[in-house]
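The values are calculated or read from the model by the stated rules, or taken from the named source; none is laboratory data. Values in this document were obtained by computation on a predicted structure and should not be read as measured data. For neighbour counting, all protein chains shown are included, and Cβ atoms are generated from backbone atoms with ideal geometry for every residue, glycine included. Calculation scope for accessible area: heavy atoms of the full protein, side chains included, ligands and nucleic acids excluded. Shrake-Rupley method; radii C 1.70, N 1.55, O 1.52, S 1.80 Å.
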Amino acid sequence: MAKYQIAWMPGDGIGNDVMEAAKIVLDSMKFDATYVPCDIGWDLWCKEGNALPERTIKALEGTTCGLFGAITSKPQDEAREELIPELRGKGLVYFSPIVKLRQMFNLHTNMRPCKSYPGNPLSYRGTHLANPPVGGKVSDVAIDQVIFRENTEGMYGGVEFFPLPEAVYTALCANPKMKPWKDKGLENVALSTRIMSKQGCVSICRNAFAFAAKTGRERVTLIEKPNVLRETGGLMTRCFREVAKSYPAIRADEANIDAICMWMFKNPQDYSVLVAENMFGDIVSDLCAGLVGGLGFAPSANLGDNYAVFEPTHGSAPKYAGQYKVNPHAMLLTVKMMFDWLGETDKATRLEAAVARVIREGTVKTYDMGGKASTLDVAKEVARYAG
Ligand code: NAI
Ligand code: MG
C-alpha cells in the first residue's frame, strides 16, 4: 500500500487542467501515493442536486488529505435553472461544495502564501514608489506574505435569509436599529450574517502567530474593521491582542480592511503575516496574489487539526476550461504546501526551487506571462528540474 492516500478532486473547468499538471509533477517526483478520485462540483449539482455527494465525504474520510482544483459556483436562481428537469421544483438549495467541505471537516485555517519569484514579469514593480527599483526591475521589490484566513465562519458562514422570516426579524429587533427594515416589507429584505466566535478568532490568530514564530517572521498584521463592525470586529481585535501577548518578540499591528488595500499597494514589502476573518481574508488574498503576478501564482491550504485540503486560490475560469492555457504554478505551489504538511520537506524544497527556476528562466511560460506554452508544458519543465 502507498504511504499516502490523496483525495483527488479536480472539480470544474481549469481545475481539471491544473490537476493534470500536478499529476505530471507528482509522478516525476515519485510521490508515494494512491489517488482516490472524488466527485465534486457543478456537474454533480446539475445531475444529482448535490455538488458534494455523500460518497465523496465518505471517500475523503479514508484519505490522508485532499488535493482540489476548483469549482464553479453560481447564484441560486441560475443554479436552479441548470438542474436536470427531474430535480427541478424540489426545493433543492445550492451551496458551494468547497465552503461546505471546509466547514464539515473543520478546516479552520486557510493559509495563502503570496511570494514574488525573481524574474516574474508580472510581479509588482513598485515604479511609483519614492525610491523605485532601478529600471523597475521585477526582482527588486521582494514580496513574501502569508495570509491566515479564518475558513469556517464570519461573513461566509452561510447563515442567510431571503425573504426575511418574521421570526428572524422579531429576534433581530432586540437591536433597535433593525426596526426600519419592517417598513420596506420583509419580502424585500435579504440578510447575510457575520457570525464569529471567540474560539474561531483565537484559533486563527494563534495559528498566524505560531507560524510567524516558527518561520522567524517579525510582523503579524490583523485585518479588520472594528470601528464599524463593532461587535465582530471588536471580538477579533481583542482576541488578536490577547494572543499577541504570548509573542512579545513579534510586532503585532492592526489595519482596517479598506486602508490595508491602499497600504498593501503602496508598500507591499512591509507586510509579512496577515490574519483576517473569512471574507476579508478572501478579498485581501486576491489583492496579494495580484502583487505577485496574479491568480496563476497563488496557492493555498485549508488546514484542520488532523486533515487538510490543498487548492490553488483561483476558481474554475470557465472561459479557459479544457484549453490547457492557464498557469499551473499556483497548483504546483499548492502541491508544495501539501508536501510541507506531510513532512516531505525535501520534496517541498525541490518543487519550489523548480518552480522558481522555470519562472526565472522565462522560456516556458503560459499566456498570462506573455508566453505560448501550455499548462502541461510548464508542468513538464518543472518536473524536469524537480526530479
Ligand atoms: P477565476 O479565478 O476562475 O478566474 C478569474 C480570472 O483569473 C480568469 O478569467 C483568468 O483571467 C485568471 N486566472 C485564474 N486562474 C488562472 C491561472 N491559473 N492562470 C492564469 N490566469 C488565471 O475567478 P472567476 O472568473 O471570478 O470565477 C469563475 C468561477 O470560479 C465562478 O463560478 C466562481 O464561483 C468560481 N470560483 C471558485 C473558487 C474555488 O474553487 N475555490 C474560487 C474562486 C472562484
Ligand atoms: Mg477568492
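Of note:
- Taking 0.36 nm per residue of sequence separation and removing the Cα-Cα distance, the residue 43/residue 227 pair yields an extension gain of 62.0 nm.
- Backbone geometry of the stretch 251-261 corresponds, through the Karplus equation with coefficients 6.51, -1.76 and 1.60 at θ = phi - 60°, to 3J(HN,Hα) couplings of 6, 10, 9, 10, 9, 7, 4, 5, 5, 5, 4 Hz, x marking Gly and Pro.
- Ranked packing of 313-319, 367-373, 177-183, most packed first, by mean Cβ within 10 Å: 313-319, 367-373, 177-183
- By average C-beta atoms within 10 angstrom, highest first, the peptides 240-246, 161-167: 240-246, 161-167
- Contact order for the stretch 333-387, expressed relative to its length and based on alpha carbon pairs under 8 Å spaced 6+ residues apart, stands at 28 percent.
- Label-reachable residues, the stretch 276-306, where backbone N falls under 20 Å from a point 7 Å from residue 253's Cα toward its Cβ: 276-277, 281, 284-285, 287-289, 291
- Heavy atoms of residue 116 accessible to a 1.4 Å probe, total area in Å² rounded to 10: 20 Å²
- Where labels lie 7 Å past Cα in the beta-carbon direction, separation of residue 353 and residue 197 in nm: 4.3 nm
- Taking the protein heavy atoms of the stretch 1-158 in the context of the full set of protein chains, the accessible area attributed to carbon and sulfur is 54 percent at 1.4 Å.
- Cα-Cα P(r), the stretch 249-387, percent of pairs per 10 Å interval: 11, 35, 35, 17, 2
- Computed label-point distance, nm, for sites residue 100 and residue 3 using a 7 Å Cα→Cβ extension: 3.4 nm
- Over the chain, accessible surface divided per residue gives 46 Å², non-protein components excluded, 1.4 Å probe.
- Expressed as a whole percent, the accessible area of the stretch 234-309 that falls on carbon and sulfur atoms is 55 (1.4 Å probe).
- Highest mean packing comes first when the peptides 226-233, 61-68, 92-99 are listed by Cβ atoms within 10 Å, giving 61-68, 92-99, 226-233.
- A 1.4 Å probe, protein heavy atoms only, puts the accessible area of residue 247 near 60 Å².
- For residue 114, residues with placed amide H under 5 Å, excluding near neighbours: 145, 146, 147
- Helix-derived mean residue ellipticity, 222 nm - over the chain, DSSP H n ≥ 4, -39500 (n - 2.57), to 500: -12000 deg cm²/dmol
- For the stretch 164-213, the fraction of 1.4 Å probe accessible surface lying on carbon and sulfur atoms is 61 percent.
- Length-normalised contact order of the chain in % [C-alpha pairs under 8 Å, at least 6 apart]: 23 percent
- Under the Karplus curve 6.51 cos²θ - 1.76 cosθ + 1.60, θ = phi - 60°, whole-Hz ³J(HN,Hα) for the stretch 165-173, x wherever Gly or Pro sits: x, 3, 4, 5, 4, 4, 4, 5, 5
- In order through the stretch 199-205: 3J(HN,Hα) via Karplus (6.51 cos²θ - 1.76 cosθ + 1.60), integer Hz, x for Gly, Pro: 4, x, 5, 5, 4, 5, 5
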